[in-house]
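Undergrad: Below you'll find the structure I mean.
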């Protein structure tokens, strides 16, 4: 890029800064609720995580490693490594 692409103050007026968008509703993000646009969208995202609406890829958990108490079996697996 040569110097001619810039304004005298060094900025690039022809390049518009990217506006970050809320991942829930695509409205412009607000700093107080980043990366969301509002507390409502932040809460909706949290609910999706809590209700297991989002899933991370990976191998299914081994049912034998998970006991009735929950994730305690996962700690035992780490001890055997």
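The values are calculated or read from the model by the stated rules, or taken from the named source; none is laboratory data. Everything numeric here is computed off the predicted structure, so don't read it as measured data. Glycine also receives a Cβ, built like all others from the backbone with ideal geometry; neighbour counts cover every protein chain displayed.
Undergrad: From the set of residues in region 12-45 that are surrounded by fewer than 10 Cβ atoms within 10 Å (Cβ to Cβ) and modelled with pLDDT under 75, which is nearest to the chain's Cα centre (by Cα)?
TA: My answer is 18.
Undergrad: How many residues does region 60-81 hold that are part of a loop (DSSP other than H, G, I, E, B) and either surrounded by 10 or more Cβ atoms within 10 Å (Cβ to Cβ) or at pLDDT 85 or above (or both)?
TA: Qualifying residue count, region 60-81: 4.
Undergrad: Please identify the pairs in which a residue from region 29-50 that is within 14 Å of residue 19 (Cβ to Cβ) has its Cβ atom under 9 Å from the Cβ atom of a residue that is exposed (fewer than 11 other Cβ atoms within 10 Å of the Cβ), counting only partners at least 6 apart or on another chain.
TA: So the pair list comes out as 29/19; 37/26; 37/28.
Undergrad: If you go through region 52-59 one residue at a time, do you hit one that is modelled with pLDDT of 90 or more, assigned to a loop (DSSP other than H, G, I, E, B), out of contact with any strand residue (DSSP E or B) (no Cβ under 9 Å at 6 or more places or on another chain) and on the phi > 0 side of the Ramachandran plot?
TA: Taking every residue of region 52-59 in turn, none turns out to be modelled with pLDDT of 90 or more, assigned to a loop (DSSP other than H, G, I, E, B), out of contact with any strand residue (DSSP E or B) (no Cβ under 9 Å at 6 or more places or on another chain) and on the phi > 0 side of the Ramachandran plot.
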